[in-house]
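Here is the structure we will look at.
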Amino acid sequence: MRWSDLTWSELPSVLAQVGQSALLPVGATEQHGPHLGCGVDTVIAEKLCLAVSERTGVPMLPVMPYGCSLGHSHRWPGTIALTPPALIEITRQIGDWAYASGVRRLFIVNAHVTNAAPLRCALEMLRASHDDLMVAVINTASLSARVRQFHSADGDDWHANDAETSLMLAIAPEGVRIDRLAEADDLDRTGGCVFAHPVNRTSLNGVTGRPSIATREKGEQWYGWLVDDLAALVSKGSCETPPLDFSYFSQA
């Protein structure tokens, strides 16, 4: 169900079977502490969306591997960041072209926390341009109560923590440096802060949380929850219609 594997003659019938729906996974390329590769968010977004695509039949557009990672600063090598306007514009253009190919329900599945605001702006622009296009931005770390709980169990401002490390141990262990886990823990210093400080001023090593307690078994269970809960949202959304049927462009 990868969009890139389908031919132009196959796409119309594939889309017709799933309410003209498509998935757009969005990740990031950024430092993830001394123990995780820089592609964590992209790996999670792509593998999760591929699993949901296979379960629901909704085709998956190619993953976006860059995101709004400006908060990670230049302190550690590895981060390749887009500005918010760039992410908005890239997403808008992808949405425009997906619409031209027949997509009418677009699920933007975001695995990097600070992509959320630019992606919401892209949503606003797309639905204001296309009267019959429905767009959802789904942030993987908060898509259900149980998913929110395990992501933030070791820090409200978590990053490269138990959750992400356990997930990577389950789905992409080649991206985990087991021998660095014991030294990777760092605490959440953002409690009580008024301002949103960049990571260079909140973390000693780019981590917030306790990757040292991560296990493959936890990751397998948590990844199963992510797949189940996202598949349920996508299945529901693939047949959703607007509560009222009035044109965006007309007062009639």
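The values are calculated or read from the model by the stated rules, or taken from the named source; none is laboratory data. Here the structure is a predicted model, which is why all the values come from computation and not from measurement. All Cβ positions, even for glycine, are placed from backbone atoms using ideal geometry, and neighbour counts span all protein chains on display.
Miscellaneous remarks
- Residue ID - farthest from Val137 (Cα to Cα), chosen from residues in region 213-231 that are surrounded by 15 or more Cβ atoms within 10 Å (Cβ to Cβ) and among the small types (Gly, Ala, Ser): Ala214
- Enumeration of residues in region 110-143 that are touching an Asp or Glu at 6+ places or on another chain (Cβ under 6 Å) and within 20 Å of Ala81 (Cα to Cα): Ala111, His112
- In region 25-33, the count of residues that are closer than 30 Å to Pro211 by Cβ and among the β-branched types (Val, Ile, Thr) is one or more.
- Scanning region 227-242 turns up no residue that is outside any helix (DSSP H, G or I), among the hydrophobic types (A, V, I, L, M, F, W, C) and free of Cβ contacts under 8 Å to residues at least 12 places away in the same chain.
- Residues satisfying the stated conditions in region 193-252, i.e. among the acidic types (Asp, Glu) and either closer than 30 Å to His74 by Cα or at pLDDT 95 or above (or both): Glu217, Glu220, Asp228, Asp229, Glu240
- Hey, Ala184 on the phi > 0 side of the Ramachandran plot and crowded, with 23+ Cβ neighbours inside 10 Å or not: no
- Scanning region 8-47 for residues being closer than 25 Å to Ala184 by Cα, hydrophobic (A, V, I, L, M, F, W, C) and touching a residue at least 60 places away in the same chain (Cβ under 8 Å) gives a total of 6.
- Within region 71-90, if we keep just the residues that are of a type in the set (Gly, Ala, Ser) and not in a helix (DSSP H, G or I), the residue that is nearest to Leu119 (Cα to Cα) turns out to be Ala81.
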